[in-house]
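Enquirer: Sharing a structure here in structure tokens format.
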């Protein structure tokens, strides 16, 4: 690039978790059976009316506060009118006039540096039905129709695909930390619209904005931005910048390119107006205060805490805050008395590796912090070796039995000096030639003797004590 | 012995004493339905075998009634009198209907309306024109045309209506019966096919004020399916009617009902206005003070256009679900857009299409501020003006329309020129403010009934009913059944 600067803005749609849909009493849950989570209102049968789910408003307000937005005095909704087969009412209930939050900002970390992201607005709306296209027919599944969606719109404040994706990653984490969404891109719970323009490095006016709609993974957001920057740059270089049109494109995963959908000239007039079936709802200060109390410690704060107070390395802290589950697990470990570094080690080296291998989450992981404590406490006491600890850890999760069942007297580490003395004496008596060689300078044979002791004790001998005894006897 | 011409109170006594059974009432009502259908074309569906409900302590138990066909009724065809829903059989019942069924009332038929309530003539139903039982050559007005015709003809003591501009209260006047829409949100709209949500009201048509109170007592109630509904459980309309109106103060809009303000009024119009003033005298004799109040003509003249703007805009959006994809007949076409277009092109009457065009135009980004937002502002101004007057007065009293029901073959006669438009359209004020509003018959001109309307502040339903009841008591039109005339 060099001479041009790219400017990127994001729209991030995130499905909220809730018992029921945002304007319907139908269940809000992922369901493999099409059209199972459906009430008459979800299919817009004549005479049905929307009823706001207060839980969704609460979650939307919570996110509005997390993003340091201004909340409106009254909550109300607007209709966005357009015809599409996935939109049964012929309009979507959304917020245009008074979004749940406006003018926010949040600081994120991009490659170790702080970046302030400006939030234009965040608003609550309903999702559309999903369409399955076949050769001759298309099928409509209304399970998703009416699922609560939070749409977050940033200012055009990103200058690279890295920044944009770092923000999306961080927001995904925030949604999870705040318990407002599972934010699982694989389940289609997050979808993004991205707009990209380029401009001369020293220019003050933004270039022509091109929007890419409905990108379903962060990797694709990254690729789409970079492709679009490249496409626009090439046109500008070739003196054909006027061919960059204000238009809507879509990202084609297979080719890694963006494809034109429609020009701005054909943009739909959504004829927004206030939804008359939902009365204005006063948002009181007291309610906001109450919601505020539910905002948990966010990843950036946690990271600082781990490094400055618990003495973790930044590298380790970064891994732990990546997922709220990790952070919660780690904090619970620390709370019940596991040494932070030990807990971090277990989590990063053993547990996360295991989860990835098995493709499961911490929720399905057998060894809770309390069970892990059974291992680490014995390790601290020296009753078991770290090798044994590892074995117990593995056995426990394989067999689904508490670690303490494996920490019995016969597999406990042998730290008894008398017992070890007699074992070592036996070994030394049977290895006279090696002793001679050792005394003649083959000092690396020391490890050979240690190995023999370990072999004899099936690895249960306390290595420190063994080494002490051996040194005394040999030197 | 005929029963269906009687009031609910009386029928209830007869049922309780065992003199008549619900089954006999249903059979009589069904028989009358068929007769009236031949004459007036009032029904979309006559229910084959209505479910007989036993008579009990509830005033409405065992009483037959009609349902306007824009109420959703489970298992019973509900068309909104539109070809777009000509085969639509819902799988849920509107809350208001459910509430009546809980009382033991028995639905006999579904009545015809101007397509989706969007008309005032009874001529745009997909099943054809509805005729006025007083004179079959005349219209019933609309949109609750079939309900008004059936109640006036004595098919049953009450029928459900809906009212977005005057759709209950004008047909009531043209058919010589009572039409009442309570305060917005007193009755749940869940299951009422929407026309313009912020103006739509449920209500009823009856032949007496007390019957109207009994019916609304049963229909009303907060509903978890309608967020605009409110709890009125402490309001007992029927029990609260005592006819004590001495000391009440009403006003009429003087500049609208002053004959001197009209150039070349017709004889009919003069009779109508004079009849109105005569009715006021009756009220005054009851101890009610009635005063004329001048209201800025500019504000009044804005009423019809504000109504058109807001109702068409909301209607355009509300009826976007009618695509023939999920329900209603599938349109033909190569793709989904063509199919929707075909369905809507064939399904809607020209009148509705015209309103959709107006609504879309008004909502367009470049026009919204000028038309839609301004209409909302003027709506507010009109409502504020009324609320200000309601501080001094217990209600507004006005004649309904400019005279009697016009002839069907010459409806243009009635179409308002600017002179009389306010008089034709002032009932829309009741929808702007969500005010309780009732029309009762107050006389005849050329053997055709005319009506008078009383409108009051929100939540003041009991007051409205009481004044109407006191007036009704002093006039001979209570429980009147249409007598067909040839004129």
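The values are calculated or read from the model by the stated rules, or taken from the named source; none is laboratory data. Since this is a predicted model, take the numbers as computed values, not measurements. As a convention, Cβ positions derive from the backbone with ideal geometry for all residues, glycine included, and neighbour counts pool all protein chains shown.
Enquirer: Taking residue B:306 as the residue in question, decide whether it is away from chain A (no Cβ under 14 Å), surrounded by fewer than 21 Cβ atoms within 10 Å (Cβ to Cβ) and touching a residue at least 60 places away in the same chain (Cβ under 8 Å).
Expert: For residue B:306, the condition - away from chain A (no Cβ under 14 Å), surrounded by fewer than 21 Cβ atoms within 10 Å (Cβ to Cβ) and touching a residue at least 60 places away in the same chain (Cβ under 8 Å) - is not met.
Enquirer: If we scan the range B:453-474, do we find a residue that is in a loop (DSSP other than H, G, I, E, B), at pLDDT below 95 and touching a helix residue (DSSP H, G or I) at 6+ places or on another chain (Cβ under 9 Å)?
Expert: No; the residues of the range B:453-474 include none that is in a loop (DSSP other than H, G, I, E, B), at pLDDT below 95 and touching a helix residue (DSSP H, G or I) at 6+ places or on another chain (Cβ under 9 Å).
Enquirer: Scan the range A:76-86 residue by residue and report those that are more than 7 Å from every other protein chain (Cβ to nearest Cβ) and over 21 Å from residue A:60 (Cβ atoms).
Expert: Result: A:82, A:84, A:86.
Enquirer: Quickly run through the range B:278-292 and pick out the residues that are in contact (Cβ under 8 Å) with a residue 12 or more places away in the chain, over 21 Å from residue B:390 (Cβ atoms) and out of contact with any helix residue (DSSP H, G or I) (no Cβ under 8 Å at 6 or more places or on another chain).
Expert: Matches in the range B:278-292: B:278, B:285.
Enquirer: How many of the residues in the range B:206-257 are within 14 Å of another protein chain (Cβ to nearest Cβ) and in contact with a strand residue (DSSP E or B) (Cβ under 6 Å, 6 or more places away or on another chain)?
Expert: Residues that pass the stated criteria total 1.
Enquirer: Considering only residues that are surrounded by 14 or more Cβ atoms within 10 Å (Cβ to Cβ) and outside any helix (DSSP H, G or I), which ones fall in the range B:15-44?
Expert: B:20, B:21, B:41, B:42, B:43, B:44
Enquirer: Is at least one residue of the range B:47-68 closer than 25 Å to residue B:220 by Cβ, touching a helix residue (DSSP H, G or I) at 6+ places or on another chain (Cβ under 9 Å) and within 14 Å of another protein chain (Cβ to nearest Cβ)?
Expert: Yes.
Enquirer: Select, from A:280, A:264, A:271, the only residue that is at positive phi and within 14 Å of chain B (Cβ to nearest Cβ).
Expert: Of A:280, A:264, A:271, the one residue that is at positive phi and within 14 Å of chain B (Cβ to nearest Cβ) is A:271.
Enquirer: State all residues of the range A:48-74 that are within 12 Å of chain B (Cβ to nearest Cβ), within 30 Å of the chain's Cα centre (by Cα) and either under 30 Å from residue B:359 (Cβ atoms) or surrounded by 19 or more Cβ atoms within 10 Å (Cβ to Cβ) (or both); if no residue qualifies, say none.
Expert: A:52, A:53 - these are the residues of the range A:48-74 that are within 12 Å of chain B (Cβ to nearest Cβ), within 30 Å of the chain's Cα centre (by Cα) and either under 30 Å from residue B:359 (Cβ atoms) or surrounded by 19 or more Cβ atoms within 10 Å (Cβ to Cβ) (or both).
Enquirer: Evaluate the following for residue A:143: is it touching a helix residue (DSSP H, G or I) at 6+ places or on another chain (Cβ under 6 Å), in contact (Cβ under 8 Å) with a residue 40 or more places away in the chain and assigned by TED's automatic domain parsing to the domain that holds residue A:31?
Expert: No: the conditions fail for residue A:143.
Enquirer: Here's another thing I want to ask about it. If the Cβ limit is 6 Å and pairs must be 6+ apart or interchain, which residue in the range B:333-352 that is closer than 19 Å to residue A:82 by Cβ pairs with which residue that is in a helix (DSSP H, G or I) and modelled with pLDDT of 90 or more?
Expert: As it stands, the answer is B:333/B:339; B:333/B:342, since those pairs meet every condition given.
Enquirer: Give me a count of the residues in the range B:70-110 that are in contact with a strand residue (DSSP E or B) (Cβ under 7 Å, 6 or more places away or on another chain), more than 14 Å from chain A (Cβ to nearest Cβ) and in a loop (DSSP other than H, G, I, E, B).
Expert: Residues flagged as in contact with a strand residue (DSSP E or B) (Cβ under 7 Å, 6 or more places away or on another chain), more than 14 Å from chain A (Cβ to nearest Cβ) and in a loop (DSSP other than H, G, I, E, B) within the range B:70-110 amount to 1.
Enquirer: Only one of these is outside any loop (DSSP other than H, G, I, E, B) and over 24 Å from the mean Cα position of the chain (by Cα): B:306, B:290. Name it.
Expert: After applying the criteria, what remains is B:290.
Enquirer: Here's a follow-up. Hey, among the residues in the range B:126-136 that are part of a loop (DSSP other than H, G, I, E, B) and under 18 Å from residue B:159 (Cα atoms), which one's farthest from the other protein chains (Cβ to nearest Cβ)?
Expert: Only one residue tops the list, namely B:134.
Enquirer: Next up: Do we have any residue at all in the range A:350-365 that's surrounded by 21 or more Cβ atoms within 10 Å (Cβ to Cβ), in contact with a helix residue (DSSP H, G or I) (Cβ under 7 Å, 6 or more places away or on another chain) and more than 21 Å from residue A:173 (Cα to Cα)?
Expert: There is no residue in the range A:350-365 that is surrounded by 21 or more Cβ atoms within 10 Å (Cβ to Cβ), in contact with a helix residue (DSSP H, G or I) (Cβ under 7 Å, 6 or more places away or on another chain) and more than 21 Å from residue A:173 (Cα to Cα).
Enquirer: Still on this structure: Which condition breaks for residue B:395 when tested against (1) away from chain A (no Cβ under 13 Å); (2) modelled with pLDDT under 95; (3) crowded, with 21+ Cβ neighbours inside 10 Å?
Expert: In the conditions (1) away from chain A (no Cβ under 13 Å); (2) modelled with pLDDT under 95; (3) crowded, with 21+ Cβ neighbours inside 10 Å, residue B:395 misses (2) alone.
Matching residues to (1) away from chain A (no Cβ under 11 Å); (2) part of a helix (DSSP H, G or I); (3) modelled with pLDDT of 95 or more:
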{"site": "B:317", "(1), (2), (3)": "no, yes, yes"}
{"site": "B:326", "(1), (2), (3)": "no, no, no"}
{"site": "B:334", "(1), (2), (3)": "yes, no, no"}
{"site": "B:343", "(1), (2), (3)": "yes, yes, yes"}
{"site": "B:356", "(1), (2), (3)": "yes, yes, yes"}
{"site": "B:360", "(1), (2), (3)": "no, yes, yes"}
{"site": "B:367", "(1), (2), (3)": "no, yes, yes"}
{"site": "B:370", "(1), (2), (3)": "yes, yes, yes"}
{"site": "B:378", "(1), (2), (3)": "yes, yes, yes"}
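Enquirer: All but one of (1) touching a residue at least 24 places away in the same chain (Cβ under 8 Å); (2) surrounded by fewer than 22 Cβ atoms within 10 Å (Cβ to Cβ); (3) part of a loop (DSSP other than H, G, I, E, B) hold for residue A:88; which doesn't?
Expert: The single condition residue A:88 does not satisfy is (2).
Enquirer: Say whether the condition of being within 20 Å of residue B:150 (Cβ to Cβ), touching a residue at least 40 places away in the same chain (Cβ under 8 Å), touching a strand residue (DSSP E or B) at 6+ places or on another chain (Cβ under 8 Å) and within 14 Å of chain A (Cβ to nearest Cβ) is met by at least one residue in the range B:111-125.
Expert: yes
Enquirer: Something else: Within the bounds of the range A:39-59, is there any residue that is under 24 Å from residue A:104 (Cα atoms), assigned to a strand (DSSP E or B) and either in contact with a strand residue (DSSP E or B) (Cβ under 9 Å, 6 or more places away or on another chain) or at pLDDT 95 or above (or both)?
Expert: Within the range A:39-59, none of the residues are under 24 Å from residue A:104 (Cα atoms), assigned to a strand (DSSP E or B) and either in contact with a strand residue (DSSP E or B) (Cβ under 9 Å, 6 or more places away or on another chain) or at pLDDT 95 or above (or both).
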